[in-house]
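Colleague: Encoded as C-alpha cells, here's the structure I'll be asking about.
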Amino acid sequence: MSSVNIGVLISGGGSNLQAVIDDINAGVINGKIQVVISNKKDAYGLVRAKNHGIDAIYVDKRKFENNNDFNREIIKILEEKNVDLVILAGYLKILSEEFVKKYQSRIINIHPSLIPSFCGMGYYGRKVHEKVLEYGVKITGATVHFVDEGADTGSIILQEAVIVDDNETVDTLQKKVLEIEHKILPKAVQLYCDDKLEIKGRKVHVRN
Ligand code: GAR
C-alpha cells in the first residue's frame with residue numbers, strides 16, 4: 001500500500017503530534033505528515049513540526065468573516081498538500097459541516113476521556129480532567145474516534161482506561177491520560193494507514 005498523506009491540526013503543545021511523528025520516523029506508521037496547521041500562533045506543536053522539517057502553518061481565524069470561511073482556508077491548504085487523512089491532535093476548534101463532509105471517515109480525533117463520558121461542547125484539555133475529578137469517577141481514559149458532524153460523537157476506534165487515584169490532581173491525571181493518548185493515537189493512525197479499519201455503522205472493526 002502506498003504511504004498516506006497526513007495533515008495534522010493542533011492548538012497547543014503538540015505532544016500527540018510528536019507521538020505520531022516518532023512512530024512515522026520509526027517506520028511503524030505507513031504515512032507522511034505533509035502539513036501541520038494551528039489556529040494558535042504560539043502553539044509549540046508548530047515548532048515541533050519545523051524541527052522535523054514539516055511545513056507548519058498558522059491560520060488566524062480573526063482574518064475570516066465566519067467559521068465556514070476559516071475552515072475553507074484550512075481545506076485549501078490540505079488540498080494543496082494532497083492530504084488523505086486529517087488528524088486532530090489537540091485541535092480545539094469545531095470543524096465546519098463542509099469540512100467534515102469533505103473528509104468523511106478520514107478525520108481522526110483524540111479525546112482525553114472515555115467517550116461518551118466527559119465529552120462534547122465545553123469538554124476539552126484540562127477542563128475534562130477537572131470535570132472527572134469533580135464528578136468523582138474512579139476510571140477515566142482516552143478515546144480515538146472518527147469525526148462526524150457532532151462534538152465527539154463519531155465512531156470509536158480505540159479506547160484505554162486509567163484508574164483515578166484518591167489523591168489525584170488535574171496535573172497528575174492529565175499526565176497519566178496523555179501517556180495513553182500517546183499510545184492509542186499513533187496506533188489508530190497506524191491501523192488507518194495499513195487499511196485495517198472498517199466502519200460498520202457506529203462500530204469500527206479492526207481487520208487482522
Ligand atoms: C490532549 O489531551 C488531547 O486529548 C486534548 O488536548 C490535549 C492536547 O495535548 N484534546 C481535546 O480535549 C479535544 N477535545 P497536546 O497538544 O500535547 O497533544
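Colleague: For Ile74, only one of the following conditions fails: (1) near the ligand (Cβ under 9 Å from one of its atoms); (2) under 20 Å from Lys40 (Cβ atoms); (3) surrounded by 17 or more Cβ atoms within 10 Å (Cβ to Cβ). What is its number?
Modeller: All conditions pass for Ile74, except number (1).
Colleague: Just give me the residues in the range 119-134 being part of a loop (DSSP other than H, G, I, E, B) and surrounded by 23 or more Cβ atoms within 10 Å (Cβ to Cβ), in sequence order.
Modeller: Those that are part of a loop (DSSP other than H, G, I, E, B) and surrounded by 23 or more Cβ atoms within 10 Å (Cβ to Cβ): none in the range 119-134.
Colleague: Suppose the filter is of a type in the set (Val, Ile, Thr) and buried (at least 16 other Cβ atoms within 10 Å of the Cβ); does Val137 pass it?
Modeller: no
Colleague: Something else: I'd like to verify a number: residues in the range 1-28 that are away from the ligand (no atom under 16 Å from the Cβ), out of contact with any His (no Cβ under 9 Å at 6 or more places or on another chain) and either within 15 Å of Ala188 (Cα to Cα) or at pLDDT 95 or above (or both), how many?
Modeller: Residues in the range 1-28 being away from the ligand (no atom under 16 Å from the Cβ), out of contact with any His (no Cβ under 9 Å at 6 or more places or on another chain) and either within 15 Å of Ala188 (Cα to Cα) or at pLDDT 95 or above (or both): 6 in total.
Colleague: Can we say Ile37 is more than 30 Å from Ala161 (Cβ to Cβ), under 15 Å from the mean Cα position of the chain (by Cα) and within 16 Å of the ligand (Cβ to nearest atom)?
Modeller: Spelling it out, Ile37 is indeed more than 30 Å from Ala161 (Cβ to Cβ), under 15 Å from the mean Cα position of the chain (by Cα) and within 16 Å of the ligand (Cβ to nearest atom).
Colleague: Which residue, of Leu178, Leu191, Leu185, Leu114, is over 19 Å from Val86 (Cα atoms), at pLDDT 95 or above and part of a helix (DSSP H, G or I)?
Modeller: Within the list Leu178, Leu191, Leu185, Leu114, the selection yields Leu178.
Colleague: Please tell me if Asn30 is more than 29 Å from Lys196 (Cβ to Cβ) and touching a residue at least 12 places away in the same chain (Cβ under 8 Å).
Modeller: Spelling it out, it is not the case that Asn30 is more than 29 Å from Lys196 (Cβ to Cβ) and touching a residue at least 12 places away in the same chain (Cβ under 8 Å).
Colleague: Could you say which residue among Val204, Val132 is in contact with a Leu (Cβ under 6 Å, 6 or more places away or on another chain) and either over 18 Å from Val8 (Cβ atoms) or free of Cβ contacts under 8 Å to residues at least 12 places away in the same chain (or both)?
Modeller: Criteria check complete, one pass: Val204.
Colleague: Something else now. If you go through the range 91-102 one residue at a time, do you hit one that is closer than 24 Å to Lys175 by Cβ, without any contact (Cβ under 8 Å) to a residue 60 or more places away in the chain and of a type in the set (Ser, Thr, Tyr)?
Modeller: Within the range 91-102, not a single residue is closer than 24 Å to Lys175 by Cβ, without any contact (Cβ under 8 Å) to a residue 60 or more places away in the chain and of a type in the set (Ser, Thr, Tyr).
The values are calculated or read from the model by the stated rules, or taken from the named source; none is laboratory data. Quick caveat: nothing in here was measured; it's all calculated off a predicted structure. Here Cβ is always computed from backbone atoms with ideal geometry, including for glycine, and neighbour counts include all displayed protein chains.
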